[in-house]
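Student: I'd like to ask you about the structure that follows.
The values are calculated or read from the model by the stated rules, or taken from the named source; none is laboratory data. What you see is a predicted model; the values in this text were computed from it and never measured. We place every Cβ from the backbone using ideal geometry, glycine too, and count neighbours over all the protein chains shown. Areas reflect the complete protein model, heavy atoms only, side chains present, ligands, DNA and RNA absent. Shrake-Rupley method; radii C 1.70, N 1.55, O 1.52, S 1.80 Å.
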Amino acid sequence: MDRMIEKDGVMESPLLIKGGTPLLSDARLVRELLGTLERTDFGHLGVRHEGKVRDSYVDGDVRTIVTTDRLSAFDRLLGTIPFKGQVLNEIANYWFDATSDIVSNHLLEVSDANVVRVRECAPVPLEFVVRAYITGVTKTSLWFNYEAGARNIGGNLMPDGLRKNQRLEAPILTPSTKFEVHDRNLSRDDAITEGLVTADLFDRCADVCFRLFARGTEVSARRGLILVDTKYELGLLGDEIVLMDEVHTPDSSRYWYADSYDELFRKNQDQRALDKEPLREWMVERGFRGDGAPPLMTDEVRIATATRYILLAETLTQRSFEAAELTAAERVANLLRD
Ligand SMILES: Nc1ncnc2c1ncn2[C@@H]1O[C@H](COP(=O)(O)OP(=O)(O)O)[C@@H](O)[C@H]1O
Ligand SMILES: [Mg+2]
């Protein structure tokens, strides 16, 4: 885990340090570690849907989404990370705004750091994954499958001889199923043959996703980051394609520091990541790839993961992270209870 919080070769304290001073007092951090937002139940807001990370309440054409502090990886819930919901929501909202000229999105109102109200959409039953690099340790990731011998990934023919973390010639789209228990990669033609989407809808969605990814790449580069890969969820409102769920968050994307990419790639070393990949690797090192009981996250790994998420939010949005007086669980209860 130590390398998770190593920066420029200097070890930082697990507590996020900025300009020599801790971002939070120990007492505030401990309160959040104990008071993360794990589960909500506000049935009066509408029909409740529990996702892995978000709890939604649907009332007609409006959906209230509470982004909790739950962390999922390998398609499993692994526990909670302090401030994760707030930070995830801030990053998604930043990107909704930064991409609104490309495609309209579901956002109606930001009600709290952890809560948004959005337009309820008819989801396109695919997850649109765009990748610019070959990486990843999960069963659906590009590197994991390539290393196991796969050369046709979601209809994309991969050349021999690629190395982990290598940049692809051009970004590729590897769609996967949305409404199956475990994500399954499939090609454009499979998606059409299986009746999930029409060819026209698929192509319109793909076009939107590549444009979103280009914007994400460009903005991230200005912040010294590489947007490695990401997943988009699209919905329909009538005939209009709407970007929904989350966009370019560290849950749905990988981000690496740009300045150290070349050297680390040359030396076959892990990239410095501002996402949850180091946590996935921590899990893999302990023998967990999604099956069986997951290892219990220590407070150290929870704080290190929180630090990454907070640093990413600050880097992208160029705004300082602020912890409210109340914990996420307290604020959300105050706002949403009957
Ligand atoms: N605007 C929207 N309209 C309809 N469904 C949405 C909208 N935004 C997000 N969703 C859905 O709400 C759920 C969010 O919860 P999440 O924890 O991300 O679920 P998952 O476990 O599927 O990743 C997802 O199923 C997502 O597709
Ligand atoms: Mg999701």
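Student: Based on the mean of other beta carbon atoms within 10 Å per residue, what is the order of 65-77, 253-265, most packed first? Display every interim value, and only then the final one.
Tutor: Working: 65-77: 21.1, 253-265: 17.6.
The packing order, highest mean first, is 65-77, 253-265.
Student: With a 1.4 Å probe and all protein chains left in place, how much of the accessible area of segment 100-234 comes from carbon and sulfur atoms, in whole percent? Write out the running numbers ahead of the final one.
Tutor: Values: 3050 of 6000 Å².
Ligands and nucleic acids excluded, carbon and sulfur give 51 percent.
Student: Find how many whole Å separate the alpha carbon centroid of segment 65-81 from the alpha carbon centroid of segment 85-122.
Tutor: A separation of 18 Å, based on Cα centres.
Student: Once Rh for segment 47-106 is found with the Kirkwood sum over Cα pairs, what is the Stokes-Einstein diffusion coefficient at 10 °C and 1.306 mPa s, in µm²/s?
Tutor: It diffuses with D of about 123 µm²/s by this estimate.
Student: If you average 1/r across every pair of different Cα atoms in the chain and take the reciprocal, what Kirkwood value do you get, in Å?
Tutor: On the way: mean 1/r = 0.0484 Å⁻¹.
With all distinct Cα pairs of the chain included, I get 20.7 Å.
Student: Using 25 Å as the Cα-Cα cut-off, could you pick out the over-long pairs in K84/K231; K139/K178; K84/K267; K164/K276; K52/K84? Before the final figure, lay out each step's value.
Tutor: Details: K84/K231 18 Å; K139/K178 16 Å; K84/K267 32 Å; K164/K276 17 Å; K52/K84 13 Å.
Long pairs (Cα-Cα over 25 Å): K84/K267.
Student: Can you order the peptides 54-60, 155-161, 225-231 by their average number of other Cβ atoms within 10 Å per residue, highest first?
Tutor: Answer by packing, highest mean first, reads 225-231, 54-60, 155-161.
Student: What list of ³J(HN,Hα) values in whole Hz, one per residue of segment 250-265 in order, does the Karplus curve 6.51 cos²θ - 1.76 cosθ + 1.60 (θ = phi - 60°) give from phi, with Gly and Pro shown as x?
Tutor: So the J values, rounded to whole Hz, are x, 7, 9, 9, 10, 10, 10, 6, 6, 5, 9, 4, 4, 5, 5, 5.
Student: Go through segment 158-256 and name the GluC sites (Glu not before Pro) that are in a DSSP coil and have 14 or fewer other Cβ atoms within 10 Å of their Cβ.
Tutor: Taking segment 158-256 and a limit of 14 other Cβ atoms within 10 Å, the loop GluC sites (Glu not before Pro) found are E180, E194.
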